[in-house]
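The values are calculated or read from the model by the stated rules, or taken from the named source; none is laboratory data. Please read these numbers as outputs of a predicted model, since none were measured by experiment. Every residue, glycine among them, receives a Cβ derived from its backbone with ideal geometry; neighbour counts consider all protein chains shown. SASA here: full protein model, heavy atoms, side chains in, ligands and nucleic acids out. Shrake-Rupley method; radii C 1.70, N 1.55, O 1.52, S 1.80 Å.
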Amino acid sequence: MTRGWNFSAGPAALPEAVLRRAQEGLLEWNGARASVMEVSHRGKAFEAMAARAEEDLRELLNVPGDYKVLFLQGGATQHFAQIPMNLCADGQRADYIITGHWSEKALKEASVYAKPHAAASSATSNFTTIPARAQWQLDPNAAYVHYTPNETIHGVEFHSIPDVGDVPLIADMSSDILSRPVEVSRFGMIYAGAQKNIGPSGLVVMIAREDLLARNPRPLPKIFRYAEHAAQNSMLNTPNTWGWYLAGLTFQWLREQGGLVAMEQRNREKAETLYAAIDGSNGYYRNPVEPFARSRMNVPFVLHDAALDAAFLKDAEAAGLLALKGHRAVGGMRASLYNAMPIEGVRALTGFMADFAQRHG
Ligand code: PMP
């Protein structure tokens with residue numbers, strides 16, 4: 001068996017070079033005579049690795065000095081709840097921009113500690129667009145504005161950072177972090193589950209402006225308080241050491257690839273190649289998202305006849321093209337094109353799509 005082209009939405013393909021490096025150190029890491037999973041997170045070797053990972057991430061994203069970088073656990077879902085817990089007074093309004101499944105879920109989880117308000121929503125379009133900024137009903141006194149720059153299921157992506165005035169902007173970047181340069185100073189907080197563009201699941205990377213961490217709206221156990229994690233350099237308790245290590249390897253790999261400017265170019269080329277194949281298929285394949293809001297990371301598409309779906313998936317798998325089944329909320333197919341997917345994988349997919357269309361007329 002050989003590795004296939006893995007189009008999974010997450011946990012997703014990791015760069016092969018990263019996996020090979022991890023494999024090399026799996027039994028004995030860094031002179032420790034044990035693997036990275038088997039040494040103390042308080043030891044010198046792990047601490048040095050952890051610090052290097054943070055430095056590399058700061059370098060990649062050009063993170064300003066007044067932002068903390070945290071390596072947390074719980075998946076992005078836990079932080080849907082923990083963010084309002086840390087940032088909102090009881091019943092305080094927080095604005096949410098609803099552009100798909102994940103922003104909806106974030107809003108629902110916020111309602112225990114805050115009064116989340118859908119300041120804009122594209123639900124009536126079945127989440128195939130982004131509501132025009134002029135229609136957003138933002139409250140200047142809101143605790144924050146939350147949005148999802150890339151909706152992993154609906155394949156909708158913001159291609160610029162919305163201007164929300166002085167209210168801190170919070171982004172769930174789980175499925176597009178590190179896919180291009182981003183101006184961190186425009187955000188109050190950025191957070192992302194690792195299992196798409198960073199590493200294995202079970203790790204969350206958060207970049208948070210210090211003034212937001214200083215908010216203290218209610219008594220909380222330390223383990224739920226971001227300021228406490230920041231004060232302890234994300235080592236308040238035993239962190240996800242393996243995840244942190246793999247994240248560090250990915251950050252090094254990204255730097256070797258030429259950083260985020262190079263990734264942006266590649267990601268654009270990959271997405272253009274796939275959308276061109278869909279749009280040029282005379283309706284055989286179709287992507288429902290308005291072109292200006294199409295995601296470069298997750299490309300959902302349907303076949304002209306859903307009765308062909310099973311054959312498409314079976315033949316694709318036989319051709320080494322894995323995990324193309326779409327999310328049940330949208331149906332059809334979805335190809336995820338995170339950083340680790342090379343253009344060759346996308347060409348293999350578009351070649352297969354043309355061939356399938358010809359064979360099945
Ligand atoms: N936000 C986005 C944008 C996602 O894509 C996902 C997972 N696919 C989540 C949140 C939830 O992440 P987790 O399962 O790690 O909690």
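What's the ranking of 183-190, 280-287 by average number of surrounding C-beta atoms within 10 Å, highest first?
Per-residue Cβ counts within 10 Å, averaged per peptide and sorted highest first, yield 183-190, 280-287.
Which distance in nm do the two modelled labels at Gln137 and Ala45 give, with both placed 7 Å along the Cα-to-Cβ direction?
5.9
Highest first, please rank the peptides 61-67, 8-14, 141-147, 266-272 by the mean number of other Cβ atoms sitting within 10 Å of their residues.
Result, highest mean Cβ count within 10 Å first: 141-147, 8-14, 266-272, 61-67.
With N set to the residue count of region 184-259, report its C-alpha Rg divided by 2.2 N^0.38 Å to two decimal places.
Taking the Cα Rg and dividing by 2.2 N^0.38 Å, one obtains 1.23.
After finding the eigenvalues of the alpha carbon gyration tensor for region 258-359, what semi-axes result from the square roots of 5 times each, listed largest first in whole Å?
After scaling each eigenvalue by five and taking roots: 22, 15, 13 Å.
Between Gln257 and Asp315, how high is the FRET efficiency from 1/(1 + (r/R0)^6) when r is the Cβ-Cβ distance and R₀ = 35 Å? Nearest 0.05.
For Gln257 and Asp315, the calculated efficiency is 0.65.
Please compare each pair in Lys108/Lys196; Lys44/Lys68; Lys115/Lys325; Lys108/Lys222; Lys108/Lys314 to a cut-off of 30 Å on the Cα-Cα distance and tell me which ones are over it.
Lys115/Lys325; Lys108/Lys314
Give me the number: length gained by fully extending Ile343 to Arg3, i.e. 0.36 nm times residue separation minus the C-alpha to C-alpha distance, one decimal in nm.
120.8 nm
When you count, for each residue, the other Cβ atoms within 10 Å and take the mean per peptide, how do 109-117, 217-225, 194-202 rank with the highest first?
Answer by packing, highest mean first, reads 194-202, 109-117, 217-225.
Per DSSP H run of at least 4 residues, take -39500 (n - 2.57); add these up for the chain, divide by its residues and hand me the 222 nm value, nearest 500 deg cm²/dmol.
-11000 deg cm²/dmol
Normalised by the number of residues in region 258-359, what is the relative contact order in percent for Cα pairs under 8 Å and 6+ residues apart?
About 31 percent, as a whole number.
Which values of log₁₀ I(q)/I(0), to two decimal places, follow from the Debye formula for region 87-210 at q = 0.15 Å⁻¹ with a uniform point scatterer at every Cα?
The computed values of log10 I(q)/I(0) come out as -0.66.
Over the chain, what is the mean sequence separation of C-alpha contacts under 8 Å (at least six apart), divided by residue count, expressed as relative contact order in percent?
23
Modelled label-to-label distance, Leu308 and Asn237, 7 Å Cα→beta-carbon offset: nm?
For Leu308 paired with Asn237, the spin-label model returns 5.1 nm.
Return the carbon/sulfur percentage of the accessible area of the chain, one whole number, probe 1.4 Å, all protein chains in place.
Its accessible area is 49 percent carbon and sulfur atoms.
Can you find, among Tyr191, Gly320, Gly31, the residue farthest towards the positive end of the dipole of the chain? Put +1 on the C-beta of Lys and Arg, -1 on that of Asp and Glu.
Projecting each Cα onto the dipole axis, the largest value belongs to Gly31.
What whole-number value in cubic angstrom gives the convex hull volume per residue for the C-alpha atoms of the chain?
Per residue, the Cα convex hull of the chain comes to 132 Å³.
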